Amino acid sequence: MDRLKLYQIASVSIEDYFSHFAKLMLRTFTRDYWQRLDTLRTEVNAEAIYQVQFTKRINELYLCFTSHSKFVQCLIEVFGLSAYYLDRFESEFISSIVRGSQTNLLSNFVYFVKNEYKKYENEVLGQEVPMEDSEPKIDLEKPVIKHRANEKKLGLAMHEIVQRLFRIGFGDYVEEAISKTLEAELELKLEQCRGIFNRQLVTKAEEWFEEVIMGWLQWIYSNNKTKIDYWRRKLLLHLRKTYARIRNTEMLEIIGEYPETSASIIDIKHCLQHTSEYNDFAKNVRGQISKRLLIPGIVTPLIICLLYTSPSPRDLSTSRMPSSACKKKKKKK
């Protein structure tokens, strides 16, 4: 039998294999396979069981993937088939799972990642795992207490599961889940800054971010410096934008209580220097001032000065204001 005939037979055979494989995947990894996870997400204090069941499913998928991919690789090498068939197999594998699950897989990934992150955070901060619907209060002004008894165990376990998810084609899912989880955690922590104007908190928040969030990501991505740098840039930007957004809604209070609020103004400047949102921030502040120009307790000349000077966070410091407005502010005191 000549090689061309053999190649044609092998091509038809592998196509038949893909067809049968897709049907097998649809029968095996159906909605019933994932339904238990959906149920656990609604049960009280079932997080630990959920984590075990989710990990079990990922490991089963990984074993299925590796065994079948080895078979496809063998066919490619023996019959001299194109490497296209290996890519085709990986595509069929992931699409079969998504079609067969008939559920929101991303929500399961987010739930799993969130639980794993909370375990790591509680370990690093030396906190007990909170009851459902409760959140431990994180004092950003206190240094992170390095309780690291199980940090390595938790970090390596997450690293392994993430690597397996990438290998079987769920890389986009897991990275989106990580992004959603960590951005939500940053927003939750920064909400604790609301109403506190007399202390600089952004530097402390960034230190907490490096110690806890980046510490977790370094375990996940091991020595992949490109990935680690990507996440640091992405999440630090989100941290600074979130802080500026929170303070933007409080600017009338900050202006009214100046100079006692100068620490928060320094934080705002720091964030805007990295986000380049000067104009949007100033525009929103001006809109607030225009609506409440004569609010009791706020010095009107100071407001007018802020309203008509250039739109830059530097304008929030009296050192940048016209001398006449600043003098009036001093006399008022």
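The values are calculated or read from the model by the stated rules, or taken from the named source; none is laboratory data. All values reported here derive from a predicted model rather than from experimental measurement. Note that each Cβ is placed from the backbone with ideal geometry, even for glycine, and that neighbours are counted across all protein chains shown. Heads up: the accessible areas ignore ligands, DNA and RNA and are worked out on the full protein's heavy atoms, side chains in. Shrake-Rupley method; radii C 1.70, N 1.55, O 1.52, S 1.80 Å.
Restricting attention to the stretch 217-224, does a residue exist that is under 23 Å from Thr275 (Cα atoms) and open to solvent by 40 Å² or more (accessible area, probe 1.4 Å)? Looking for residues that are under 23 Å from Thr275 (Cα atoms) and open to solvent by 40 Å² or more (accessible area, probe 1.4 Å), one finds none in the stretch 217-224, hence no.
Filtering the stretch 168-191 to residues that are over 24 Å from Cys64 (Cα atoms) and among the hydrophobic types (A, V, I, L, M, F, W, C) leaves Ile178, Leu182, Ala184, Leu186, Leu188, Leu190. Just to be sure before I move on: is Gln35 open to solvent by 70 Å² or more (accessible area, probe 1.4 Å), modelled with pLDDT under 85 and farther than 29 Å from Leu154 by Cβ in the structure I sent? No.
Just to be sure before I move on: is Val129 at pLDDT below 85 and within 25 Å of Ile49 (Cβ to Cβ) in the structure I sent? For Val129, the condition - at pLDDT below 85 and within 25 Å of Ile49 (Cβ to Cβ) - is met. How many residues are in contact (Cβ under 8 Å) with a residue 60 or more places away in the chain and either of a type in the set (Val, Ile, Thr) or open to solvent by less than 40 Å² (accessible area, probe 1.4 Å) (or both) if we restrict to the stretch 252-292? So the answer is 9.
Only a single criterion out of (1) over 22 Å from His159 (Cα atoms); (2) at pLDDT below 85; (3) out of contact with any Leu (no Cβ under 9 Å at 6 or more places or on another chain) is not satisfied by Tyr85, namely (3). Considering every residue within the stretch 101-114, establish whether at least one is under 23 Å from Glu185 (Cα atoms), modelled with pLDDT under 85 and surrounded by 13 or more Cβ atoms within 10 Å (Cβ to Cβ). The answer is yes, given that some residue of the stretch 101-114 is under 23 Å from Glu185 (Cα atoms), modelled with pLDDT under 85 and surrounded by 13 or more Cβ atoms within 10 Å (Cβ to Cβ).
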